[in-house]
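What follows is a short report on a single structure.
The values are calculated or read from the model by the stated rules, or taken from the named source; none is laboratory data. Everything quoted here is computed from the prediction, not taken from an experiment. So basically every Cβ, Gly included, is an ideal-geometry build from the backbone, and we count neighbours across all protein chains shown.
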Amino acid sequence: MFDTLTGRLGSIIDRLKGRGALTEADVKAALREVRIALLEADVALPVVKDFIAQVQEKAIGQEVLHSISAGQLVVKIVHDALVEFLGQEVVDIELKASPPVVIMMVGLQGSGKTSMTAKLGNYLAKKQKQKVLLASLDIYRPAAREQLRTLGQQCHIETLPILAEEKPLAIAERALQMARLEGYDVLILDTAGRLHIDQDLMNEVVAVRNLAKPTETILVADAMTGQDAVVIAKEFNEKVGITSIALSRIDGDARGGAALSMRAVTGKPLKLLGTGEKPDQLELFHPDRIATRILGMGDVVSLVEKAMESVDQAEAEKLALQMQKGAFTFEAMESQLLQMNKMGGISSLMGMIPGINKFQDKITQAGVNDSFIQRQIAMIRSMTKQERKDARLINGSRKKRIAMGSGTSVQDVNKLLKQHRDMSDMMKRMQKLGKKGFLRQGLQGLMPHR
Amino acid sequence: MTTWFKRLKEGLKKTSSRLSEGITTLITHRKLDDEMLEELEELLISSDLGVATARDLVQKLAKKRYNQNITPEEVREIFAEEIEILLNPCALPLTPKGASKPFVVLVLGVNGAGKTTTIGKLAKQWKDQGYQLSLVAGDTFRAAATEQLEIWAKRANVPLEVAPTKDAAGLVYDALQKAQTRGDDIVMIDTAGRLHNKTLLMEELKKIRRVIQKIDPTAPQATLLVLDATTGQNALTQVKVFQEAVDVSGLIVTKLDGTAKGGVLVAIAQQTGLPIHAIGVGEAIEDLHTFSAKDFAKNLMER
């Protein structure tokens with residue numbers, strides 16, 4: 001699925017290559033694919049619609065930077081909007097209350113509450129140096145309380161002793177008492193899994209909330225959750241009132257669109273990510289990571305970022321000026337090669353372009369790799385100033401000298417000369433398209449023998 | 001049968017009404033044009049059917065009625081029909097009878113899908129039907145997983161084999177030998193929940209399967225993948241990866257009593273054709289039912 005999606009976006013990106021500002025038509029075409037990408041990542045439909053409308057507004061009219069395509073820019077805009085949507089900052093668990101600070105975990109059956117409870121306890125005890133008590137109120141699922149006890153033992157965290165035949169409200173009360181009497185900083189209540197439409201069980205958890213007055217009520221949801229995430233989050237938020245969201249099983253390969261849906265529908269921050277089955281496999285939520293994952297196009301995003309960082313505006317303009325005069329010198333070529341290296345070399349550039357995989361073999365066959373670029377730079381540096389300005393000067397003996405000086409062969413020098421010729425020819429043609437057109441084609445023009 | 005139909009319907013009601021309400025608002029004697037088709041496609045996607053399957057269904061509708069006037073009822077009917085046609089070949093109940101004894105059932109799935117609960121329910125059903133069966137607590141990893149299955153075994157009144165160590169494959173070997181000696185009709189093996197993208201855990205699963213085949217080369221007679229109905233498009237990947245690793249023979253879909261529709265099932269049926277044996281609609285021991293394509297499709301589309 002992922003491959004076809006990347007491929008699809010790749011083809012859109014190709015079509016959008018080489019234009020000025022983003023037009024409405026460009027944006028719409030790219031966003032249609034993004035919309036499907038989001039739906040396939042399980043972002044709920046109403047959320048997708050809202051989101052796309054917002055992005056469309058932002059994207060139309062944006063100037064396309066040189067060395068990236070319009071499609072790539074759209075992906076980057078979408079990514080940034082996703083990050084913004086998900087909440088830009090890392091928010092830690094709220095502990096500002098008089099101890100014992102109560103944290104209540106709620107969610108559907110099998111969403112990973114008990115594991116998350118133990119992980120959170122472990123995190124607060126080890127990283128925040130809190131004295132933590134865990135208590136399970138799950139009297140329904142067989143052996144649920146034993147599970148929490150075992151997990152507590154594994155990470156040396158106290159759990160409330162289990163009494164048979166005790167109702168959840170009574171357990172909560174006993175836990176509060178123990179936490180107060182024995183001076184615990186934090187009490188984490190693990191509740192039974194419940195369906196948001198099960199009125200009796202929802203009433204029960206509300207009663208527990210009213211008694212324990214939790215500082216944090218965390219909705220634990222599976223990263224694999226589908227379109228129903230909206231309903232689940234909305235119902236839990238309306239009926240119980242959640243303060244934050246934890247996403248479990250982020251170590252699977254689900255794209256985790258549920259995160260976006262839940263955030264959008266509740267407005268509550270995502271705080272925790274479960275990243276494995278062990279108690280220490282917990283991370284604070286990073287919007288960037290999830291945005292990248294939902295979109296499935298992180299590579300394009302980092303490509304655009306790198307391009308923005310490393311392409312030197314002044315350098316590019318100087319080059320463009322030379323071009324306009326109709327002279328493509330070896331100096332200009334060198335500066336292009338150097339910029340390419342700055343962006344992480346050809347292999348990293350190639351790896352970042354969606355849909356390039358199918359050409360990987362051909363590229364390798366052609367001997368295009370990072371050391372190839374390095375050799376070309378070395379050859380240019382072995383030329384005299386005159387040679388760099390005028391390629392026609394380079395005859396047989398000069399070629400030999402250049403090869404010796406750069407540790408390459410005469411054949412390599414010939415290849416370089418041919419490539420330089422090809423590029424100059426292309427530059428002349430590009431001139432007719434004007435400055436902008438050239439700048440966007442610059443990198444592509446470096447590809448030999450296409 | 002009426003009771004489970006009602007339960008399923010109740011469970012599906014909220015969602016199906018969302019979907020069918022959507023259809024109603026969309027169409028009030030309108031012509032079936034491109035715009036409407038696109039909106040219908042989106043509605044299907046919002047029931048987890050996935051982009052490809054939604055497109056497929058909408059195209060089928062377009063083929064029948066493009067540019068004609070159409071009522072919401074007709075749209076629902078046509079969708080329900082098409083979904084039923086898709087699901088029908090997959091609606092196959094599991095009969096635990098094979099050429100050799102015992103009939104070995106290996107149960108797998110990602111964490112929290114409902115494997116242990118499903119085993120408890122199945123054990124009870126088969127026990128009531130007069131089969132002699134035993135359970136194997138193959139989840140040696142998760143805390144208190146064995147205790148959980150123990151309680152289910154007691155409820156169903158069937159024996160449970162428990163591992164003295166963390167070695168699941170060793171336990172399975174011993175348990176199967178014992179079952180053979182006893183002459184059990186059925187052995188059900190629980191496994192630890194595992195995410196399908198964890199290579200090592202998938203290798204462990206393959207090992208368990210190899211060990212089973214040492215005792216009976218034709219076993220396991222059933223390899224059941226348990227899927228959570230709340231799961232979105234990732235369920236497709238789950239099915240494919242588990243199928244490739246250990247040759248899944250059928251599916252059980254759990255938690256259909258919530259508001260999630262399990263719409264991804266339609267996509268799974270379309271792409272894999274795997275049998276869907278049963279659905280779980282609650283936490284009680286009797287809340288496991290045979291899967292019916294007609295009821296599932298009807299309920300998904302009905303008001």
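When B:Thr259 is tested against the conditions (1) among the polar types (S, T, N, Q); (2) at pLDDT 95 or above; (3) farther than 12 Å from B:Gly109 by Cα, the lone failure is (2).
Within region B:256-268, the set of residues being in contact with an Asp or Glu (Cβ under 6 Å, 6 or more places away or on another chain), hydrophobic (A, V, I, L, M, F, W, C) and assigned to a loop (DSSP other than H, G, I, E, B) comprises B:Ala260 only. The criterion of being under 13 Å from B:Gln233 (Cα atoms) and either more than 8 Å from chain B (Cβ to nearest Cβ) or assigned to a loop (DSSP other than H, G, I, E, B) (or both) does not hold for A:Ala233.
Residues are listed down the side, and each one gets a yes or a no for (1) closer than 18 Å to B:Gln270 by Cβ; (2) modelled with pLDDT under 85:
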{"site": "B:Leu12", "(1), (2)": "no, yes"}
{"site": "B:Gly22", "(1), (2)": "no, yes"}
{"site": "B:Met36", "(1), (2)": "no, no"}
{"site": "B:Glu42", "(1), (2)": "no, no"}
{"site": "B:Ile45", "(1), (2)": "yes, no"}
{"site": "B:Asp48", "(1), (2)": "yes, no"}
{"site": "B:Val51", "(1), (2)": "yes, no"}
{"site": "B:Asp56", "(1), (2)": "yes, no"}
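The condition (being over 14 Å from the mean Cα position of the chain (by Cα) and either within 14 Å of another protein chain (Cβ to nearest Cβ) or at pLDDT 90 or above (or both)) is satisfied by just one residue among A:Ala307, A:Ala246, A:Ala254, A:Ala316: A:Ala246. Considering region A:48-89, the residues that are in contact with a strand residue (DSSP E or B) (Cβ under 7 Å, 6 or more places away or on another chain) and surrounded by 20 or more Cβ atoms within 10 Å (Cβ to Cβ) include one that is modelled with the highest pLDDT, namely A:Leu86. Quick check: is even one residue across region B:269-288 within 14 Å of chain A (Cβ to nearest Cβ) and in a strand (DSSP E or B)? Within region B:269-288, one or more residues are within 14 Å of chain A (Cβ to nearest Cβ) and in a strand (DSSP E or B).
Please verify whether B:Asp295 is over 20 Å from B:Leu201 (Cα atoms) and either within 14 Å of chain A (Cβ to nearest Cβ) or at pLDDT 95 or above (or both), treating the condition exactly as stated.
On the way: over 20 Å from B:Leu201 (Cα atoms): yes; either within 14 Å of chain A (Cβ to nearest Cβ) or at pLDDT 95 or above (or both): no.
For B:Asp295, the condition - over 20 Å from B:Leu201 (Cα atoms) and either within 14 Å of chain A (Cβ to nearest Cβ) or at pLDDT 95 or above (or both) - is not met.
Conditions tested, residue by residue: (1) small (Gly, Ala, Ser); (2) at pLDDT below 95; (3) on the phi < 0 side of the Ramachandran plot.
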| residue | (1), (2), (3) |
| --- | --- |
| A:Gly110 | yes, yes, no |
| A:Gln153 | no, no, yes |
| A:Ile171 | no, no, yes |
| A:Leu181 | no, no, yes |
| A:Ala223 | yes, yes, yes |
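May I ask you to say which residue of A:Leu95, A:Leu120, A:Leu169, A:Leu134 is assigned by TED's automatic domain parsing to the domain that holds A:Lys271 and not in a helix (DSSP H, G or I)?
Answer to the selection: A:Leu134.
So for region B:127-142 (the condition being closer than 30 Å to A:Ala223 by Cα, β-branched (Val, Ile, Thr) and crowded, with 24+ Cβ neighbours inside 10 Å), does at least one residue qualify? Yes, that holds for at least one residue. Kindly indicate whether any position in region A:155-173 is within 30 Å of B:Arg194 (Cα to Cα) and within 33 Å of the chain's Cα centre (by Cα). Within region A:155-173, one or more residues are within 30 Å of B:Arg194 (Cα to Cα) and within 33 Å of the chain's Cα centre (by Cα). Take B:Asn88 and decide whether it is surrounded by fewer than 16 Cβ atoms within 10 Å (Cβ to Cβ), under 20 Å from the mean Cα position of the chain (by Cα) and farther than 26 Å from B:Thr218 by Cβ. In short, yes. Summed over region B:171-199, residues that are free of Cβ contacts under 8 Å to residues at least 40 places away in the same chain and either within 30 Å of A:Asp253 (Cβ to Cβ) or surrounded by 21 or more Cβ atoms within 10 Å (Cβ to Cβ) (or both) total 3.
Scanning region A:198-230 for residues that are touching a strand residue (DSSP E or B) at 6+ places or on another chain (Cβ under 9 Å) and within 13 Å of chain B (Cβ to nearest Cβ) gives A:Val220, A:Ala221, A:Asp222, A:Ala223, A:Met224, A:Thr225, A:Gly226, A:Ala229.
Mind listing whichever residues of region A:96-152 are free of Cβ contacts under 8 Å to residues at least 24 places away in the same chain and over 34 Å from the mean Cα position of the chain (by Cα)? Result: A:Ser98, A:Pro142, A:Ala143, A:Arg145, A:Glu146, A:Arg149, A:Thr150.
Checking each residue in region A:172-197 for being in a loop (DSSP other than H, G, I, E, B), touching a strand residue (DSSP E or B) at 6+ places or on another chain (Cβ under 7 Å) and surrounded by fewer than 19 Cβ atoms within 10 Å (Cβ to Cβ) picks out only A:Asp185.
Being hydrophobic (A, V, I, L, M, F, W, C), in the same structural domain as A:Leu151 (by TED's automatic domain parsing) and surrounded by fewer than 19 Cβ atoms within 10 Å (Cβ to Cβ) holds for only one residue in A:Val206, A:Val231, A:Val220, and it is A:Val206. Within region A:118-145, the residues that satisfy the criterion of being surrounded by fewer than 19 Cβ atoms within 10 Å (Cβ to Cβ) and within 14 Å of chain B (Cβ to nearest Cβ) are A:Ile139, A:Tyr140.
Residues of region B:237-254 being crowded, with 21+ Cβ neighbours inside 10 Å and within 14 Å of chain A (Cβ to nearest Cβ), which ones? Residues satisfying the conditions are B:Gln238, B:Val239, B:Phe242, B:Ile252, B:Val253, B:Thr254. Selection of helices (runs of 4 or more DSSP H) fully inside region B:118-234 by the criterion of at least 1 residues being within 12 Å of chain A (Cβ to nearest Cβ) and over 21 Å from B:Ser249 (Cα atoms) returns B:145-156, B:199-215.
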